[in-house]
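Quick notes on the structure that follows.
The values are calculated or read from the model by the stated rules, or taken from the named source; none is laboratory data. Only a predicted model underlies this, so the values are computations on that prediction, with no experimental measurement involved. FYI the Cβ positions are ideal-geometry reconstructions off the backbone, even for glycines, and counts take in every protein chain you see. All accessible areas refer to the heavy atoms of the entire protein, side chains included, with ligands and DNA or RNA removed. Shrake-Rupley method; radii C 1.70, N 1.55, O 1.52, S 1.80 Å.
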Amino acid sequence: MVWNDNLTKRKSTGGKKRPYRSKRVYDVGKHPVETTLGDTTLKSKDGHAGIAKIKIVKTNLVNVSDPETGKTEKMEILDVVSNPANADYNRRGVITKGTIVKTEKGLARIVSRPGQTGTLNAVTYQE
């Protein structure tokens with residue numbers, strides 16, 4: 001296969017390579033919900049096969065588990081410390097899986113996917 005200047009795929013014979021089918025409805029993705037700090041706001045979307053997905057648009061509460069004691073408490077998020085997923089998310093304070101947040105009892109790392117599950121769960125985090 002040879003590539004020409006405008007980056008269209010070509011066959012070795014020089015003919016154009018065409019897609020074998022057009023896009024289907026289930027191929028089309030959706031824009032991500034970028035969860036931020038604020039009063040809790042949820043959004044519901046129908047997923048594949050009619051399954052409802054609850055997405056967190058804004059939240060200021062998190063369920064923090066301590067693996068050593070096995071206890072889980074609902075705490076308020078004071079600040080988003082860092083987001084290793086994306087430098088832009090880190091700057092804007094977007095909460096995703098893996099984000100480090102500051103709570104009343106110290107730092108916590110988010111272990112759930114707020115744009116997918118509708119809950120925000122975390123475990124205690126030591127630097």
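Using the Cβ atoms and a cut-off under 13 Å, what net charge is assigned to the surroundings of Gly98, where Lys and Arg are +1 and Asp and Glu are -1?
Net local charge, Gly98 excluded: +3.
Suppose only helical runs count, i.e. DSSP H with n ≥ 4. What mean residue ellipticity at 222 nm does that imply for the chain under -39500 (n - 2.57) per run, divided by all residues and rounded to the nearest 500 deg cm²/dmol?
Rounded to the nearest 500, the figure is -1000 deg cm²/dmol.
May I ask for the net charge around Leu78, where only other residues with Cβ less than 11 Å from the Cβ of Leu78 are counted and Lys, Arg are +1 while Asp, Glu are -1?
Neighbourhood net charge equals -1.
Would you mind telling me the share, in percent, of accessible area of the stretch 37-82 contributed by carbon and sulfur at probe 1.4 angstrom?
49
How many angstrom separate the Cα center of the stretch 35-63 from the Cα center of the stretch 83-107?
A separation of 17 Å, based on Cα centres.
Between Pro32, Pro84, Pro19, which gets the highest mean-square fluctuation from a Gaussian network model of the chain, Cα cutoff 10 Å?
Pro19
When DSSP assigns beta bridges and you keep just the ones with both residues in the chain, what percent turn out antiparallel, to the nearest 5?
Of the beta bridges lying entirely in the chain, close to 85 percent run antiparallel.
List the relative contact order of the chain as a percent without decimals, with contacts defined as Cα pairs under 8 Å and 6+ residues apart.
So the answer I get is 20 percent.
Computed FRET efficiency, Cβ-Cβ of Arg21 and Thr117, R0 30 Å: what is it to the nearest 0.05?
E between Arg21 and Thr117, to the nearest 0.05, is 0.40.
Mind checking which of Arg18, Arg113, Arg91 has the largest fluctuation in a GNM of the chain, springs on alpha carbons under 10 Å?
Among Arg18, Arg113, Arg91, the largest mean-square fluctuation in the Gaussian network model of the chain belongs to Arg18.
Give the label of the value calculated from the structure for Cα extents along the principal axes in Å, choosing from (i) 43, 29, 24; (ii) 66, 36, 27; (iii) 59, 41, 21.
Label (ii) holds the value from this structure.
Taking the Cα centre of the stretch 44-124 as origin and charging only Cβ (+1 Lys, Arg; -1 Asp, Glu), how large is the dipole, in debye to the nearest 20?
Result for the stretch 44-124 is approximately 280 debye, rounded to the nearest 20.
Out of Thr99, Thr69, Ala85, whose Cα points farthest toward the positive end of the dipole of the chain (charges: +1 Lys, Arg; -1 Asp, Glu; placed on Cβ)?
Of the candidates, Ala85 comes out farthest on the positive side.
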